[in-house]
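Take a look at the structure set out below.
The values are calculated or read from the model by the stated rules, or taken from the named source; none is laboratory data. As the structure is a prediction and not an experimental result, all values here were calculated from the model. Neighbour counts run over all protein chains shown; Cβ positions are idealised from the backbone, glycine included.
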């Protein structure tokens with residue numbers, strides 16, 4: 001089986017396993033995996049940018065934009081279907097990225113990273129000052145239906161989990177196909193030598209802009225799903241620590257596969273939850289030590305363990 005066939009099979013098996021075992025998971029585990037998969041979508045977008053040699057410290061901008069778009073759709077537009085508000089979140093985040101990305105696509109390195117962070121903090125400041133959106137407290141969001149099906153109580157959470165798994169599968173599969181396409185292969189070329197890419201007749205700015213739009217759309221979907229899972233959104237979703245967390249998970253997971261961001265996100269959420277449970281005053285230290293160990297012994301991320309195991313076989 002080719003590398004592309006293996007990845008597609010892995011994604012399908014993983015999605016089927018999550019859906020099959022979800023009725024057996026306790027509520028806290030179902031919630032944790034839902035949030036982790038939602039954040040994994042943001043990290044998947046970071047993977048697309050990193051392949052082009054770019055690191056964004058401002059993905060919280062689109063994470064929050066997606067979440068607030070979902071919240072506004074529910075509170076003001078009275079749209080309670082989870083699938084519909086997630087679609088609106090993707091459109092809203094891409095609309096913002098279409099404007100911001102036009103500026104950022106001309107920058108590289110630390111300038112790109114800091115400008116992306118600056119735009120995220122601008123949104124944070126606006127949200128904090130906007131009383132109509134709850135200011136620093138934010139506001140609650142609720143699930144009415146999932147893809148047109150009304151599910152009461154706990155069943156709504158199960159339906160949201162199924163929706164999340166389905167969207168994650170489609171996003172990962174789409175990203176995998178994109179990375180194997182002509183446009184997807186241009187990103188590493190841009191990272192290595194922009195001048196040669198221009199000589200080949202391709203637009204470096206266009207490649208960066210396209211990857212930026214895709215990353216923003218994935219982040220917006222992740223923000224909407226996370227907001228619906230938690231049931232509350234607030235300006236902290238746009239704060240720099242949130243964006244830093246996504247970069248943290250990207251380094252933790254590695255970039256060996258489109259499945260890596262989701263495995264890394266689940267590992268991070270599990271580590272943070274148990275560290276906070278058993279060491280509430282020093283849980284940041286535990287997470288930091290784990291990150292240090294990964295950098296020292298697995299510089300290519302946790303996914304390199306799977307790669308080594310496969311090569312050993």
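Structural remarks
- Any chance residue 219 is within 28 Å of residue 299 (Cα to Cα) and at pLDDT 90 or above: yes
- Of all residues making up segment 20-39, the number that are out of contact with any helix residue (DSSP H, G or I) (no Cβ under 7 Å at 6 or more places or on another chain) and buried (at least 24 other Cβ atoms within 10 Å of the Cβ): 0
- Residues of segment 241-262 that are assigned to a helix (DSSP H, G or I) and touching a helix residue (DSSP H, G or I) at 6+ places or on another chain (Cβ under 6 Å): 242, 243, 246, 249, 250, 252, 253, 260, 261, 262.
- Every condition in (1) surrounded by 21 or more Cβ atoms within 10 Å (Cβ to Cβ); (2) part of a helix (DSSP H, G or I) holds for residue 301 except the one numbered (2).
- Of 84, 105, all but one fail to be modelled with pLDDT under 95, more than 24 Å from residue 260 (Cα to Cα) and in contact with a strand residue (DSSP E or B) (Cβ under 9 Å, 6 or more places away or on another chain); the exception is 84.
- Among (1) surrounded by fewer than 20 Cβ atoms within 10 Å (Cβ to Cβ); (2) within 20 Å of the chain's Cα centre (by Cα) - the single one residue 42 does not satisfy: (1)
- Number of the exception - residue 241 against (1) within 30 Å of residue 71 (Cβ to Cβ); (2) more than 17 Å from the chain's Cα centre (by Cα): (2)
- When restricted to residues that are closer than 15 Å to residue 51 by Cα and either part of a helix (DSSP H, G or I) or in contact with a strand residue (DSSP E or B) (Cβ under 6 Å, 6 or more places away or on another chain) (or both), segment 188-198 contains 7.
This table checks each residue for (1) out of contact with any helix residue (DSSP H, G or I) (no Cβ under 7 Å at 6 or more places or on another chain); (2) within 26 Å of residue 165 (Cβ to Cβ); (3) assigned to a helix (DSSP H, G or I).
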position	(1), (2), (3)
49	no, yes, yes
79	no, yes, no
87	yes, yes, yes
90	no, yes, yes
115	no, no, yes
127	no, no, yes
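- Verdict on residue 185 being part of a helix (DSSP H, G or I) and either touching a strand residue (DSSP E or B) at 6+ places or on another chain (Cβ under 7 Å) or in contact (Cβ under 8 Å) with a residue 12 or more places away in the chain (or both): no
- Filter pass, residue 69 being out of contact with any strand residue (DSSP E or B) (no Cβ under 6 Å at 6 or more places or on another chain), touching a residue at least 40 places away in the same chain (Cβ under 8 Å) and closer than 20 Å to residue 160 by Cβ: yes
- Which numbered condition residue 202 misses (of (1) more than 30 Å from residue 27 (Cα to Cα); (2) part of a helix (DSSP H, G or I); (3) touching a helix residue (DSSP H, G or I) at 6+ places or on another chain (Cβ under 6 Å); (4) at pLDDT below 90): (2)
- Within the option set 286, 294, 249, being in contact (Cβ under 8 Å) with a residue 24 or more places away in the chain, out of contact with any strand residue (DSSP E or B) (no Cβ under 6 Å at 6 or more places or on another chain) and farther than 24 Å from residue 187 by Cα holds for one residue only, 294.
- The condition (being under 16 Å from the mean Cα position of the chain (by Cα), more than 27 Å from residue 182 (Cα to Cα) and either at pLDDT below 90 or crowded, with 20+ Cβ neighbours inside 10 Å (or both)) is satisfied by just one residue among 293, 225: 225.
- Count - residues of segment 58-77 that are assigned to a loop (DSSP other than H, G, I, E, B) and surrounded by fewer than 20 Cβ atoms within 10 Å (Cβ to Cβ): 2
- Matching residues, segment 205-233, being out of contact with any helix residue (DSSP H, G or I) (no Cβ under 8 Å at 6 or more places or on another chain) and not in a helix (DSSP H, G or I): 231, 232
- One residue from 22, 14 being under 21 Å from residue 269 (Cβ atoms), over 19 Å from the mean Cα position of the chain (by Cα) and either in contact (Cβ under 8 Å) with a residue 12 or more places away in the chain or in a helix (DSSP H, G or I) (or both): 22
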